[in-house]
1. Expressed as an acute angle from 0 to 90° and rounded to the nearest 10, what is the orientation of the C-alpha long axis of helix 167-182 relative to the principal long axis of the chain?
2. Top mean-square fluctuation among Leu13, Leu69, Leu167, Gaussian network model of the chain, C-alpha springs under 10 Å?
3. Mind pulling the angle between the C-alpha long axis of helix 51-72 and the longest principal axis of the chain? Nearest 10 degrees, somewhere in 0 to 90.
4. Quick one: net charge of Leu118's neighbours, Cβ under 14 Å, K/R +1, D/E -1?
5. Given contacts defined as C-alpha pairs under 8 Å and at least six residues apart, what's the relative contact order of the chain, whole-number percent?
6. Rounded to whole Å, give me the distance from the Cα center of the range 86-138 to that of the range 167-183.
7. To the nearest µm²/s, what D does Stokes-Einstein give for the range 121-185 at 20 °C and 1.002 mPa s, using the Kirkwood radius over alpha carbon pairs as Rh?
8. If you take every residue apart from Ala144 with its C-beta less than 11 Å away from the C-beta of Ala144, what net charge results, scoring Lys and Arg +1 and Asp and Glu -1?
Amino acid sequence: MPRVKLRSDEQVLEATIGVMFAKGPIDFTLADVGAVAGIAPATLLQRFGDKRRLTIRAVALSNRKFATLLESAPREVGVEAVVDLFWSLTPGDDDEATLAEQLLWLHQDVRDPDLNRLACERADLLRLAVAQRLPPLAIDPDIAARLIEAQWCGALQQWGVQRRGRLADYVAESLAAWFDLAAPR
């Protein structure tokens, strides 16, 4: 007779998301996830196979949650709408460690084909949401969305190294400056 699951796979994956994004791809362990999820590491292996498969399932769930977040975001069009969207996705000032861990996840996204596929899906979701909110510009909205995403990523990295002011303010200022160049008001 099969065991009754006390924690659903989704609950376990939610716990995994919290642990792996807080500790980074290298430092999180099955014991860490098990402690937060309330199940034994051996049970994680039975359910998900190994750490890599658990990670992929957790990132896939994170992407679904991200899609829901983007769908529920205000649908206004204009510079402020785009800046506000990115501002809402920017980690808080007290989250320097998580910001640093995101760079390690980028490394994994480049190396692992499954994580790369999921990262591309996430980027496509973001770019679509941005393109839908862009004001009229002289360039194609898909290209503009890609460029403004690159500006956001660059601003996050710059702030991570230089830490000038509040992260959210730094990002908003960088994005507003991009729009000043792309479509002077």
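The numbers here are math on the coordinates, done by the rules we state, and not lab data. Every value quoted in this text rests on a predicted model; they were computed, and no experiment measured them. So basically every Cβ, Gly included, is an ideal-geometry build from the backbone, and we count neighbours across all protein chains shown.
1. Rounded to the nearest ten degrees, it is 40.
2. Maximum among the listed residues: Leu69.
3. Orientation of helix 51-72: about 40 degrees from the principal axis.
4. So the environment of Leu118 carries a net charge of +3.
5. 23 percent
6. Using only Cα atoms, the two centres lie 17 Å from each other.
7. Diffusion coefficient, whole number: 173 µm²/s.
8. Summing Lys and Arg as +1 and Asp and Glu as -1 gives 0.
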